[in-house]
Amino acid sequence: MPIYEYTCEDCGLDFERLVLGRTRPSCPGCESTRLERRLSLPRVKSSSTHDMAMRAAKRRDAAQARDRMHERIRYEESHDRHG
């Protein structure tokens, strides 16, 4: 059950559709069946792309941890002043 990418020739909408058997998809925008199936590009997953994604995730997590720590310090300081 492949998912194909299409462009509607009538309204120009780009969309994806799961195609079962010989069913003919229609445009979700204008319901036309005049569609052009586009070339779907495969996603590349390798050890280098995995390493890049992991480094980006670690940077994001570290930034979120810093933000949480700063917020906690501000919260504690505001309660120390008022209490």
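Readers should treat all values here as calculations from the given coordinates under stated rules, not as data from a laboratory. Since this is a predicted model, take the numbers as computed values, not measurements. Here Cβ is always computed from backbone atoms with ideal geometry, including for glycine, and neighbour counts include all displayed protein chains.
Among the GluC sites (Glu not before Pro) found in the stretch 1-69, those both in a DSSP coil and sparsely packed, with 11 or fewer other Cβ atoms within 10 Å of their Cβ, are Glu31.
Modelled spin labels at Leu20 and Asp61, positioned 7 Å past Cα toward Cβ, are 4.0 nm from each other. All alpha carbon pair distances within the chain were sorted into 5 Å bins beginning at 0; the resulting P(r) in whole percents reads 3, 12, 12, 10, 7, 6, 8, 9, 9, 7, 6, 5, 4, 1, 0. Restricting the trypsin sites (Lys or Arg not before Pro) of the stretch 1-76 to loop positions (DSSP other than H, G, I, E, B) with no more than 14 neighbouring Cβ atoms within 10 Å leaves Arg22, Arg34, Arg43, Lys45. How far is helix 47-82 tilted, in degrees, relative to the longest principal axis of the Cα atoms in the chain, given as a value from 0 to 90 rounded to the nearest 10? Once rounded, the angle reads 40 degrees. A simple charge model with +1 on the Cβ of Lys and Arg, -1 on the Cβ of Asp and Glu and nothing else charged puts the dipole of the chain at about 380 debye relative to its Cα centre.
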